[in-house]
Amino acid sequence: MKVIGKPRRRVDGRAKVTGQTRFADDIVLPRMLHMKLLRSPHAHAMIESIDFSKAVSLSGVHLVLTGNDFPVTFGILPVTQDEYPLAPEHVRYVGDPVAAVVAKDEQTATQALDLIEVKYHQLKTISNPQEALENPEPRIHAYSERGNIHRLQAFEFGDVEEAFARSDHVFEDLFFYEGNTHLPIEQHAAVAALDGEGKLTLWSSTQVPHYVHRCLARVLRVPAAQIRVIACPNGGGFGGKCDVCNHEMVVAKAAMLLGRPVKICLNREEVFYMHRGRHPVLMKMRTGVTRDGKLTGMHVQTLVDGGGYGSYGVASTFYTGALQTVTYELPRYKFDAARVFTNKPPCGPKRGHGTPQPRFGQEVQLDKIAEKLGMDPAELRLGIVAKPDSLTANWLKIGSIGLAECIRQVVARSDWKSKFKKLPSGRGVGLACGSYLCGAGLPIYWNKMPQCGVQLLLDRSGQVTVFCGATEIGQGSDDVLVAIVAEVLGVDPFDVRCVTGDTGITPVDLGSYSSRVTVMMGNAAIQASQKLKDLIATAAAEQLEVPPDRLTFSNGKVFFESRSLSFAEAVGFAEEKFGTLGAVGSYKPPRSPGRYKGAGVGPSPAYSYTACVVEAEVDPKTGWITVPKIWIAHDIGRTINPVLARGQVEGSVYMGLSEALMEEQVFRRLPPKLSSALVHKIPSLLEYKSLTSLDMPEVDTVLIEDPDPNCPFGAKEAGQGPLLPVMPAVANAIYDAIGVRIDELPITPDKILRALEKKRKGEEARVGPEHFPAVPYPEPLIVPPPWEGGDGKEIKKNDAAAVV
């Protein structure tokens, strides 16, 4: 291969380092106006009246919009169309937008916001899952399953209690993972305008232009063909820009009403308000094992704090349990989950989308199991790694799996054997593993159409232009697309022009989320490129007088032995023979073997795997934690561009370490004399702590290549999976260093000191949740694992014994 696997600068790198990349806030159009949103100061209230007469009369103000201008709801999932662009009568968190002002500039719009008078009737505030369970009224949403419980689900794959009964040990642990937010460098921004034909164009810092396009058509009640969404390059997304946002709907409506371009750029406080970040999750895990360390069964229960709206919450709730089975051999599995509404900003998908929370719990519990059994944690994991080309208990199809080699690599490179339990007090090492999707098996809305399309255009100049709806969010997807096309056609990547993220001129792609882009876009690109390659080869073969299948495409030439044509010459002959040259490719994942209700969450064309070792130093006097070095090995299938792949892995390490040690989006109640509102305890970058470059440790990165046949050139994801083992590896390293367990994240110095104080008193040296509330989980849906009969469909509960 000439391009795939070779280190090189990314194709959009020059524009970014020279400041030529145009992000959404860089869009400036003639006669452009500016918009600001008025947000609720109350966490839970009914709107009694809105008086905007003073605001609309302010000089420079062109338009004021309220919820009455938006009668149609929207939402990213078909089952949760529960949001309004502007709240018409019910606000559900501090920051819920209730009005919008469009003015000549941002300063005037901001001044006008202060002139809008809103009268609220405050309602009881639901601040956490326990309160949501205890207070079915007032209901935050009328469509919730029960009171303020948004979603309940339960699955059982085999008789887990029977497995526990024959286990040598059953471990039960509680874990908590605090919510945190994405913290992209770029804040959300959008610009809307009507073109000369009166059609709407929206430029936005979105990860999902296709879904924004669909929601705009719904909310604005405009034919979809008259709307164009252009996803500008993102200055970081991490999932925070893959929801459809209020401001996108409102700015589009304003542009339509005024006939002038309208722009909005959120400030950092507003980005904290809209959130869509990591769900806080309380977890209870019971795991059965044999005395030699084999898993016999697992029961995971999760209680998920969803905030004020549905967002991706149903899917995120599934993901708190769906992928526990693809890492290690687990013959029987039970999973109960509940998501509740609270009066906080809605949670959604953040890098890993519901999977980092249970992975933290499982990997810490595995270390506890290893200690009880007297086993090395690395050896325990090596003994239970899932098998390639196998079906899991919940009917997920595993393809290639390089996890064992990942473990061996980090163990060897970190000198694990001579460090684990052997370093001086205050120093330790910890190990953990993880796995992740390479794209979800199903689209957000049910259909049988492709999840990604790629279109290629070639002409007699030798120019190659590739069109795809995928969105560049900083992860390097444009570079992946160009590299794959260049490899198939044998040209230099910098000779390929790339057009992406534009619903007006590119084929549909469902967006940059769930690590789907490399696999889905890549397979579609190979298909389109191969079609054109065959046409070019047919025409070139006639000129070179050799069979088409003997030709090689490489280094900008089409040749056989000493006979050759330049790529441009070969394209010219193909255009002469076949006419204008173009081709399309598309991709949709293979069907999941699971046939039960809920089987659509978890299947993937492939899964990536990661192992990580963290070295930690803990000062027992201050509780301060220092991480001098991290070793990480990621099963990437095959590397497209090693430079970008390492950047993705090490970016995950940075985010994982930051979540482990300091990141948290927490809230406090205002004093009763002021309000019952929940407000952000840390609504700015002054208070929200994340690692800086000075805090980052040395990272030793290894890319393990185990090509997966379902993936383009065997390449799997690298953007989210490497995050997952970092947090539990930190917790395990701290235990090795000072002998205390912190079973919740983030792990902060005060928790270290509390645990050490307990240890000095002879109490259990642990800080973490002590109680799991009574959750009214439903009767589980029973599905026999593949090895216990059945066909992947659920069965009636009274038939379960007969099947087993």
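Inspect all residues belonging to region 506-528 and state whether any of them is aliphatic (A, V, I, L, M), surrounded by fewer than 20 Cβ atoms within 10 Å (Cβ to Cβ) and without any contact (Cβ under 8 Å) to a residue 60 or more places away in the chain. Checked against the condition, which is being aliphatic (A, V, I, L, M), surrounded by fewer than 20 Cβ atoms within 10 Å (Cβ to Cβ) and without any contact (Cβ under 8 Å) to a residue 60 or more places away in the chain, region 506-528 yields no hits at all.
When you look at GLU650, is it at pLDDT 95 or above and out of contact with any Leu (no Cβ under 9 Å at 6 or more places or on another chain), yes or no? Working first, answer last.
Details: at pLDDT 95 or above: yes; out of contact with any Leu (no Cβ under 9 Å at 6 or more places or on another chain): yes.
Yes, satisfied.
Only one of the listed residues (VAL653, VAL666) is under 18 Å from LEU723 (Cβ atoms) and either open to solvent by 10 Å² or more (accessible area, probe 1.4 Å) or of a type in the set (A, V, I, L, M, F, W, C) (or both). That residue is VAL653.
Screening LEU723 with (1) of a type in the set (A, V, I, L, M, F, W, C); (2) crowded, with 17+ Cβ neighbours inside 10 Å; (3) modelled with pLDDT under 95; (4) touching a strand residue (DSSP E or B) at 6+ places or on another chain (Cβ under 8 Å) gives one miss only, at (3).
Against the definition (over 25 Å from GLY434 (Cβ atoms) and more than 30 Å from the chain's Cα centre (by Cα)), how does ARG754 come out, yes or no? Answer is yes for this residue. When region 720-741 is filtered for residues that are among the hydrophobic types (A, V, I, L, M, F, W, C), assigned to a loop (DSSP other than H, G, I, E, B) and closer than 15 Å to GLU617 by Cβ, only VAL740 remains.
Only one residue in ARG359, ARG291, ARG351 is farther than 15 Å from PHE164 by Cβ, assigned to a loop (DSSP other than H, G, I, E, B) and basic (Lys, Arg), so which one is that? Spell out how you get there, then give the answer.
Details: ARG359 fails: assigned to a loop (DSSP other than H, G, I, E, B); ARG291 fails: farther than 15 Å from PHE164 by Cβ.
After applying the criteria, what remains is ARG351.
Any chance region 236-246 includes a residue that's out of contact with any helix residue (DSSP H, G or I) (no Cβ under 8 Å at 6 or more places or on another chain), of a type outside the set (Lys, Arg) and farther than 21 Å from GLU472 by Cα? The answer is no; no qualifying residue exists. Of all residue pairs spaced 6 or more apart or on separate chains, those with beta-carbon atoms under 9 Å, a first member in region 196-208 that is within 18 Å of PRO223 (Cβ to Cβ) and basic (Lys, Arg) and a second member that is in a strand (DSSP E or B) and open to solvent by less than 50 Å² (accessible area, probe 1.4 Å) are LYS199/ILE227. Under the condition of being surrounded by 15 or more Cβ atoms within 10 Å (Cβ to Cβ), of a type in the set (A, V, I, L, M), out of contact with any helix residue (DSSP H, G or I) (no Cβ under 9 Å at 6 or more places or on another chain) and assigned to a loop (DSSP other than H, G, I, E, B), the residues counted in region 8-44 number 4. All conditions but one from (1) hydroxyl-bearing (Ser, Thr, Tyr); (2) over 30 Å from TYR596 (Cα atoms); (3) open to solvent by less than 10 Å² (accessible area, probe 1.4 Å) apply to SER461; the one that does not is (3). For PHE335, the test of being part of a helix (DSSP H, G or I), touching a residue at least 40 places away in the same chain (Cβ under 8 Å) and either under 25 Å from the mean Cα position of the chain (by Cα) or closer than 26 Å to TYR273 by Cα (or both) is failed. The number of residues in region 746-797 that are farther than 23 Å from LEU174 by Cβ, assigned to a loop (DSSP other than H, G, I, E, B) and touching a residue at least 60 places away in the same chain (Cβ under 8 Å) comes to 8.
Checked against the criterion of being open to solvent by less than 10 Å² (accessible area, probe 1.4 Å) and assigned to a helix (DSSP H, G or I), region 260-273 contains one or more residues that satisfy it.
Of all residues being of a type in the set (A, V, I, L, M, F, W, C) and assigned to a strand (DSSP E or B) in region 45-58, which is surrounded by the fewest Cβ atoms within 10 Å (Cβ to Cβ)? Just the residue, please. Before the answer, list the steps.
Start the filter on region 45-58 by keeping residues that are of a type in the set (A, V, I, L, M, F, W, C), which leaves 45-47, 50, 52, 55-56, 58.
Among the residues that remain, those that are also assigned to a strand (DSSP E or B) are: 45-47, 50.
Numbers: ALA45: 26, MET46: 15, ILE47: 21, ILE50: 20.
By that ranking, first place goes to MET46.
PHE494 falls short on exactly one of the conditions (1) farther than 30 Å from SER564 by Cβ; (2) open to solvent by 30 Å² or more (accessible area, probe 1.4 Å), and that condition is (1).
Residues being in contact (Cβ under 8 Å) with a residue 60 or more places away in the chain and open to solvent by 40 Å² or more (accessible area, probe 1.4 Å): count how many of those fall in region 547-568. Qualifying residue count, region 547-568: 4. With the condition kept exactly as written, say whether any residue in region 586-603 is open to solvent by less than 10 Å² (accessible area, probe 1.4 Å), outside any loop (DSSP other than H, G, I, E, B) and not aliphatic (A, V, I, L, M). Within region 586-603, not a single residue is open to solvent by less than 10 Å² (accessible area, probe 1.4 Å), outside any loop (DSSP other than H, G, I, E, B) and not aliphatic (A, V, I, L, M).
Regarding VAL730, is this residue over 30 Å from GLU764 (Cα atoms) and either at pLDDT 95 or above or not polar (S, T, N, Q) (or both)?
Working: over 30 Å from GLU764 (Cα atoms): no; either at pLDDT 95 or above or not polar (S, T, N, Q) (or both): yes.
So VAL730 does not fit the description; no.
Residues being without any contact (Cβ under 8 Å) to a residue 24 or more places away in the chain and more than 27 Å from GLY579 (Cα to Cα) are represented in region 395-407 by at least one member. Within region 186-195, the presence of at least one residue that is in contact with a Leu (Cβ under 7 Å, 6 or more places away or on another chain), closer than 25 Å to GLY354 by Cβ and not aromatic (Phe, Trp, Tyr) is confirmed. Tell me which residues, restricted to region 501-544, are among the hydroxyl-bearing types (Ser, Thr, Tyr), under 17 Å from GLY474 (Cα atoms) and touching a Gly at 6+ places or on another chain (Cβ under 7 Å). Passing the criteria: SER512, TYR513, SER514, SER515.
Only one of LYS387, LYS372 is part of a loop (DSSP other than H, G, I, E, B), in contact with a strand residue (DSSP E or B) (Cβ under 8 Å, 6 or more places away or on another chain), charged (D, E, K, R) and more than 30 Å from TYR143 (Cα to Cα). Can you tell me which? Steps first, answer last, please.
Numbers: LYS372 fails: part of a loop (DSSP other than H, G, I, E, B).
Criteria check complete, one pass: LYS387.
Here region 706-720 is the region considered, the condition is being open to solvent by 20 Å² or more (accessible area, probe 1.4 Å) and in contact with a strand residue (DSSP E or B) (Cβ under 8 Å, 6 or more places away or on another chain), and the residue that is nearest to GLY399 (Cα to Cα) is ASP706. Report yes if some residue within region 562-581 is of a type in the set (Asp, Glu), modelled with pLDDT of 95 or more and within 30 Å of GLU472 (Cα to Cα); otherwise report no. Scanning region 562-581, I find no residue that is of a type in the set (Asp, Glu), modelled with pLDDT of 95 or more and within 30 Å of GLU472 (Cα to Cα), so the answer is no.
Looking across region 177-220, just one residue is open to solvent by 30 Å² or more (accessible area, probe 1.4 Å), under 20 Å from ASP478 (Cα atoms) and in a loop (DSSP other than H, G, I, E, B), and that is ILE185.
Which residue, of LYS673, LYS621, is part of a loop (DSSP other than H, G, I, E, B), among the basic types (Lys, Arg) and at pLDDT 95 or above? Can you show your working first?
Values: LYS673 fails: at pLDDT 95 or above.
Result: LYS621 is the single residue among LYS673, LYS621 that is part of a loop (DSSP other than H, G, I, E, B), among the basic types (Lys, Arg) and at pLDDT 95 or above.
Scanning region 425-439 for residues that are open to solvent by 80 Å² or more (accessible area, probe 1.4 Å) and either out of contact with any strand residue (DSSP E or B) (no Cβ under 8 Å at 6 or more places or on another chain) or assigned to a loop (DSSP other than H, G, I, E, B) (or both) gives a single hit, SER425.
The values are calculated or read from the model by the stated rules, or taken from the named source; none is laboratory data. Please read all numbers here as calculations on a predicted model, not as lab measurements. Please note: Cβ atoms are built from the backbone with ideal geometry, for glycine as well, and neighbour counts cover all protein chains shown. When the accessible area is computed, the model is the full protein with side chains, heavy atoms only, and any ligands, DNA or RNA have been set aside. Shrake-Rupley method; radii C 1.70, N 1.55, O 1.52, S 1.80 Å.
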